[in-house]
1. Quick check: anything in segment 77-93 surrounded by 11 or more Cβ atoms within 10 Å (Cβ to Cβ), out of contact with any His (no Cβ under 6 Å at 6 or more places or on another chain), of a type in the set (Asp, Glu) and at negative phi?
2. Tally time: how many residues in segment 52-64 are free of Cβ contacts under 8 Å to residues at least 24 places away in the same chain, assigned to a helix (DSSP H, G or I) and out of contact with any Pro (no Cβ under 7 Å at 6 or more places or on another chain)?
3. Report the residue count in segment 12-51 for those that are assigned to a helix (DSSP H, G or I) and either under 12 Å from the mean Cα position of the chain (by Cα) or small (Gly, Ala, Ser) (or both).
Amino acid sequence: MEMYNPAHPGIILKEEVLEPLGIGVAEAALKLGVSRQTLSGVLNGRIGITPNMALRIAKSFNTTPDVWLREQLAYDLWRAKQNIDLSDVQVIAM
């Protein structure tokens, strides 16, 4: 089932993981081995979660990278569907 307007996974990370643990951006960035600016971009939904970042998050928070990448894919695909016009695309094969 397709989700309606899924949240950016960085916002999920911020609101459902970091905030409940009382971990700020600077501390999390240090522990993840990324710059504060990069992590801030992710947490504020300006930067997508890359495979590299997904691996770091998964190790730090005992999850799997697949979870974060699936969330990013769902977010990106939903956004693309809102902005693309496929009316000029022709079916080649079925």
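1. No.
2. Number of matching residues: 3.
3. Qualifying residue count for the region: 12.
Each reported figure results from applying straightforward, stated rules to the coordinates on display, with no laboratory input. All values derive from a computational prediction rather than experimental measurement. Neighbour counts run over all protein chains shown; Cβ positions are idealised from the backbone, glycine included.
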